1. From Cα pairs below 8 angstrom and at least 6 apart in sequence, can you work out the relative contact order of chain A, rounded to a whole percent?
2. With springs only between Cα atoms under 10 Å, which of B:Leu303, B:Leu168, B:Leu267 fluctuates most in a Gaussian network model of chain B?
3. May I ask for the distance between the Cα centers of region B:131-169 and region B:51-86, given as a whole number of Å?
4. Using alpha-carbon pairs under 8 Å, 6+ residues apart, how would you state the relative contact order of region B:1-100 in percent?
5. So how far, in whole Å, is the C-alpha centre of region B:272-331 from the one of region A:1-74?
6. What is region B:1-100 by shape, rounded, prolate or oblate, if you read a ≥ b ≥ c off the alpha carbon gyration tensor as root eigenvalues and call it rounded for a/c under 1.5, prolate for a/b larger than b/c, and oblate otherwise?
7. Regarding region A:2-94, what are the three Cα extents along the principal axes, ordered largest first, in Å?
8. Which of A:Val9, B:Val317, B:Val272 has the fewest other C-beta atoms within 10 Å, and how do the rest follow up to the most?
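FYI, it's all coordinate maths here, none of it is from the lab. On a predicted model such as this, the values are computed, not experimentally measured, just so you know. As a convention, Cβ positions derive from the backbone with ideal geometry for all residues, glycine included, and neighbour counts pool all protein chains shown.
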Amino acid sequence: MIIDALDIVTAICLALGCFLGISGGVGIYRLPDFYTRMHATSVTDSACAFLILFGLMLQSGFSLVTVKLGFILLFMVLSSPTAAHALAKTAVQFGIEPLLGREDKR
Amino acid sequence: MEVFIDIALLTLLCITAMAVVHIRKLFCAIMLLGIFSLLSASMFVNMDAVDVAFTEAAVGTGISTILLLLGMSLTNTREKRPHYQPLFSLVVVSITGAVLVYGTMDLPAYGDPNASIHHHVAQRYIKQSPLEVGPPNMVTSVLASYRGYDTLGETAVILTAGMALVALLGMRRRKVLPMSSSSGCGDYHDMKDHLVLRIMAKIFIPLILLFALYVQFHGDYGPGGGFQAGVIFASGIILYALIFGLEAAMKVVGYPVLRVLAACGLLLYGGVGVACMALGGNFLDYNALAHDPLHGQHLGIFLIELGVGVTVFAIMVIMFYAFASRRGHTA
């Protein structure tokens, strides 16, 4: 029963991670300006990678692989928000204006 | 299943290669080249060539992207339109490609056990290397022991390439300008504002260096070795230089130190070979290093991997310094 529950949780995690990855890709393609696109990539970077790695960790059980995946997870959790922050901050410093809604719709 | 992954990866590789050729913005081309390397690394993983994949990921995706970006920052960010018609080049390239594809017809299928490469020395490597050399990672025993001469040559090539780069670009001494302490290696934005980056770099750099040491000394047991470890160690220093400025990094490991280190690595490698001769064996015959042949092999591989790692590290950082210090002068 426990194995089954683990499998189900893994499947949910992986499926959700894949969905978020694809939605991030679609977001980069469809969204209109730099900041919204960056939002799409940071979803892919953090949530998608987190879910997929977590799903894999559940499958690997108590082994060295889990520890290694945990380190990768830690690295991703620390590095991708930093990268997103640096990107956004540089964009602001370069004077890229965020695209705001049209005057009549606001 | 592996076939599907291979097909997907190869398709993506083709698309990326086309995009690199097509695109005129050099920045995008460099990023795409990084993606290309990462895709190749995934393909190597799929082929169970983990050591090669590791090298490709560290060198292709990591260091060469940074070096290309630095090189780009010295020139233009946009490729010039060629003045000639590319039709002739296209014809030549197409014919060459067709000949190469025709050549692959004679190759044995991938993983074919009857292929001639599997009957030459591979059998001995697979069967005898745990008894003759010892390390559980067979790639290390082939690279460092059976093929020690080749690796010595590769290390020498890296050293020569680094020396040639320094000869071409020149390591000029940076004059201490009034602004130079505040700027990073790029003077287009001030890294002092990036508080988050500075703090995260302080967390990451020790981890990167530690990981490099792990890769260096764990190469006998898992994927890794001197080449990868040198590159990762260098990337830690390069990260430091990018965030805290070139001067600060040069205070940590200056160019004179690196110059000596680069030579010392190769000297250590060659010295092990000479020591083997002095102790009564052939050149790079590690059996002579200790009373027990396996201990000798272990010691020899440890030392030459260290030599490779030191040389690769020094040359990578020297290349970075050579590009980055030139930036401040031309701008």
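1. The normalised contact order for chain A reaches 29 percent.
2. The residue that fluctuates most here is B:Leu168.
3. 24
4. Working: 73 pairs, mean separation 26.9, N = 100.
Reported relative contact order: 27 percent.
5. Centre-to-centre (Cα) distance: 40 Å.
6. Since a/c reaches 1.5 but b/c is at least a/b, the shape of region B:1-100 is classed as oblate.
7. 51, 25, 12
8. Final ranking by Cβ density, sparse to dense: A:Val9, B:Val272, B:Val317.
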